[in-house]
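Structure first, then comments.
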Amino acid sequence: MTKSLTIKNGQLAVIANILNVPKHGKEARMRNRFLQLILPRLKEVEEERMRLLKEHSKKDEKGEMKLIEG
């Protein structure tokens, strides 16, 4: 029987931060195994987020994203 867990992309960073709590023994091995599964996806999601920000943001004279303070 295979169990599956569905995690939304927006929750990946929160889960990774929660799992960075020091543990020992079997708990640490299982946590590290789970982190190794979600960290590549977290990196992919962050790269896509930055690509979309750059694509849809307003640009200054140099072509860099404008920072709007508010």
Mind listing whichever residues of the range 24-43 are open to solvent by 100 Å² or more (accessible area, probe 1.4 Å) and not hydrophobic (A, V, I, L, M, F, W, C)?
His24, Lys26, Glu27, Arg29, Arg33, Gln36, Lys43
Checked pairs for the range 50-70, first under 20 Å from Asn9 (Cα atoms), second surrounded by 10 or more Cβ atoms within 10 Å (Cβ to Cβ), C-beta under 9 Å and 6 or more apart or across chains, list as Leu53/Met65; Lys54/Met65
Candidate set from the range 4-23 (those that are within 14 Å of the chain's Cα centre (by Cα) and not in a helix (DSSP H, G or I)); member that is surrounded by the most Cβ atoms within 10 Å (Cβ to Cβ):
Leu19
Check on Glu44, in a helix (DSSP H, G or I), acidic (Asp, Glu) and modelled with pLDDT under 85
no
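The values are calculated or read from the model by the stated rules, or taken from the named source; none is laboratory data. In this text, all values refer to a predicted model and were calculated from it rather than measured experimentally. Using ideal geometry, Cβ is built from the backbone for each residue, glycine included, and neighbour counts are taken over all protein chains shown. Accessible surface is based on the protein model in full, side chains and every heavy atom, while ligands, DNA and RNA are left aside. Shrake-Rupley method; radii C 1.70, N 1.55, O 1.52, S 1.80 Å.
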